[in-house]
Amino acid sequence: MPETLTITDNRTGKTYDVPIKEGTIKALDLRQIKIAEDDFGLMTYDPAFMNTASCRSSITYIDGDKGILEYRGYPIEQLAEKATYLEVAYLLLNGELPSKEQLANWVDTVTHHTILNENFRHLIDSFRYNAHPMGRFISSMAALGTFYPEAKNISDATTRQKQIERIVAKVITIAAFNYRSMVGMPYAYPDNDLSYPGNFLNMMYKMTEVKYTPNPVLEHALDVLFILHADHEQNCSTNAMRAVGSSEVDPYSAVAAAAAALFGPLHGGANEAVIKMLNEIGSMSAIPDFIKRVKSGEGTKLMGFGHRVYKNYDPRAKLIKKVAYDVFEVTGKNPLIDIAVELERIALEDEYFIKRKLYPNVDFYSGLIYQALRFPMEMFTVLFAIPRVSGWLAQWQEMLDDPDQKIARPRQIFTGAARRDYVAMDQR
Ligand code: CMC
């Protein structure tokens with residue numbers, strides 16, 4: 001079977017054979033299709049990248065119809081059950097699971113990089129008390145880069161690796177310090193005896209005790225949530241990371257840009273939106289009315305449902321639902337869970353959602369756990385961003401090493417006015 005696509009241009013009658021490789025044709029192969037010598041050549045029009053692969057990647061595999069998610073070939077269910085987040089971050093960044101020694105070194109390095117330059121506190125102090133934690137996080141990431149001017153040497157492997165270690169390590173400190181500043185509590189410094197999620201809980205919640213001891217169930221739950229959020233191939237923020245990184249800017253600036261993309265309610269902001277929605281519904285009896293409003297298309301969406309890629313149950317949502325009940329064993333049940341479960345049950349039986357293949361996504365249950373862990377709602381997207389930096393950085397490295405990649409620069413179809421002459425103010 002020839003691996004080609006034959007295209008006939010009915011404007012000219014000419015026929016072209018375009019190679020098909022890995023289920024795709026190269027958009028640039030269409031450029032030869034012209035109606036005249038000075039014609040620019042055919043382009044594709046694909047707003048929102050609905051059917052365009054922007055890269056080749058060996059990091060994360062998703063089969064949206066079957067509800068499959070794998071990091072470097074390992075099913076998410078196995079990683080969530082058996083690995084730690086830092087082990088998974090290593091896997092994403094390096095391609096293989098670490099040996100015992102490699103893991104010990106990686107954990108030790110990350111642990112010893114969690115501390116922030118003391119000047120950084122003044123930056124955090126300068127935010128208004130009610131500044132949104134994601135605004136703080138985005139600004140803090142960009143500001144962090146100013147402490148490491150060598151970070152711009154992105155082609156030097158050692159420098160690059162050092163920034164990766166710093167970013168993965170310092171995000172928990174940045175997130176926690178910004179929280180303490182919001183609530184007017186003194187900063188709690190990292191404790192090198194603790195695990196990554198345990199240390200984060202320590203910096204968030206340590207009071208006057210000499211040593212903070214995280215609850216192991218909650219520490220583990222947070223670690224699982226970190227694993228589930230670590231990467232998700234070419235989503236909006238990862239695409240931002242790659243696009244901004246393709247200008248060869250330093251990784252702190254690219255991570256800040258990716259975090260900004262994550263902030264939006266259609267992406268990482270959805271977990272916050274789910275809690276607001278569940279609060280607004282308020283009771284089981286109000287669910288049918290709410291579903292009716294969603295179906296009427298009046299602009300209300302069932303937040304935490306639907307996905308550009310998954311047209312089946314998001315495997316992360318399944319795992320998170322289970323973690324939720326483990327957490328509630330310790331914290332007591334979040335009363336909103338009953339509304340969420342009933343909402344899911346009704347939606348999954350409803351023709352509107354069935355026809356559109358709308359299922360719960362990762363955000364449907366995660367907010368309920370974060371709430372039970374006493375994180376304020378505004379911090380939910382930060383909790384998504386913390387582990388996602390490992391995915392962003394893995395994708396950034398892959399992009400930098402990919403000879404096919406250049407600065408990201410899409411084309412446009414110009415729809416504005418044809419050339420015209422400037423009109424003097426008194427003649428307009
Ligand atoms: N509630 C009600 N209707 C929906 C929903 C929803 N949550 N999501 C999609 N639809 C409808 C949509 O109105 C459209 O209907 P119609 O064909 O009648 O016009 C149809 O389903 C297809 O939706 P779409 O908007 O074309 O799908 P998309 O791939 O562009 O959007 C999405 C994907 C995630 C932005 C969207 O499903 C959504 O807004 N969901 C709610 C927000 C949310 O939970 N986001 C978190 C995504 S997962 C975390 C992450 O990866 O960031």
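The values are calculated or read from the model by the stated rules, or taken from the named source; none is laboratory data. Computed from a prediction, not measured in an experiment: that's the story for all the values here. Positions of Cβ are generated from backbone atoms using ideal geometry, with glycine treated the same way; all protein chains shown enter the neighbour counts. With ligands, DNA and RNA removed, areas are computed over all heavy atoms of the protein, side chains included. Shrake-Rupley method; radii C 1.70, N 1.55, O 1.52, S 1.80 Å.
Restricted to Cα atoms, segment 120-233 shows a radius of gyration and a Dmax of 15.3, 45 angstrom.
Each Lys or Arg adds one and each Asp or Glu takes one away; over the other residues whose Cβ falls under 11 Å from the Cβ of PRO197, this sums to -2.
Normalised by the number of residues in the chain, the average gap of Cα pairs under 8 Å and 6 or more apart makes the relative contact order 19 percent. Applied to segment 249-262, the Karplus parametrisation 6.51 cos²θ - 1.76 cosθ + 1.60 on θ = phi - 60° returns per-residue 3J(HN,Hα) values of 6, 5, x, 5, 5, 5, 5, 4, 5, 5, 5, 4, 5, 5 Hz, with x for Gly and Pro.
A cut-off under 9 angstrom between Cβ atoms defines the neighbours of TYR16, and their net charge, with Lys, Arg +1 and Asp, Glu -1, is -2. Can you check what the net charge comes to around ASN312, using other residues whose Cβ is under 11 Å from the Cβ of ASN312 (Lys, Arg +1; Asp, Glu -1)? Charge balance near ASN312 sits at +1.
A 1.4 Å probe, protein heavy atoms only, puts the accessible area of THR146 near 110 Å². Structural descriptor for segment 115-205: relative contact order 32 percent, calculated from alpha carbon pairs under 8 angstrom and at least 6 residues apart. Magnitude of the charge dipole for the chain, about its Cα centre and with charges confined to Cβ atoms of Lys, Arg (+1) and Asp, Glu (-1), is about 920 debye. Each residue of segment 17-25 was assigned a 3J(HN,Hα) from its phi angle through the Karplus expression (A = 6.51, B = -1.76, C = 1.60, θ = phi - 60°), giving 9, 10, x, 10, 9, 6, x, 9, 10 Hz with x at Gly and Pro. A DSSP coil position with no more than 12 other Cβ atoms inside 10 Å describes the following trypsin sites (Lys or Arg not before Pro) in segment 157-211: LYS211.
Exposed loop sites were defined as GluC sites (Glu not before Pro) in DSSP loop states (anything but H, G, I, E or B) carrying at most 12 other C-beta atoms within 10 Å; in the chain the longest segment without such a site runs 119-208. Segment 309-331 to segment 361-428: how many Å between their Cα centroids? Each part reduced to its Cα centre gives a spacing of 26 Å. Would you mind classifying the chain by shape? Square roots of the alpha carbon gyration tensor eigenvalues, ordered a ≥ b ≥ c; an a/c under 1.5 is rounded, otherwise it is prolate if a/b is larger than b/c and oblate if not. Because a/c hits 1.5 or more and a/b exceeds b/c, the chain counts as prolate. Rounded to the nearest whole Hz, the Karplus-based 3J(HN,Hα) values (6.51 cos²θ - 1.76 cosθ + 1.60, θ = phi - 60°) of segment 321-335 follow the sequence 4, 5, 4, 4, 5, 4, 5, 5, 4, 8, 8, x, 6, 6, x, with x at glycine and proline. Shown are ARG419, ARG388, ARG345, ARG374, whose ranking by accessible area with a 1.4 Å probe and every protein chain present, most to least, is ARG419, ARG374, ARG345, ARG388. For ILE68, the residues whose amide H sits under 5 Å from its own are ASP63, ignoring neighbours fewer than 5 places away on the same chain, with H placed 1.01 Å from N. Amide H contacts of PHE305: ASN361, each under 5 Å away and 5 or more positions distant or on a separate chain (H built 1.01 Å from N in the peptide plane; Pro and chain starts excluded).
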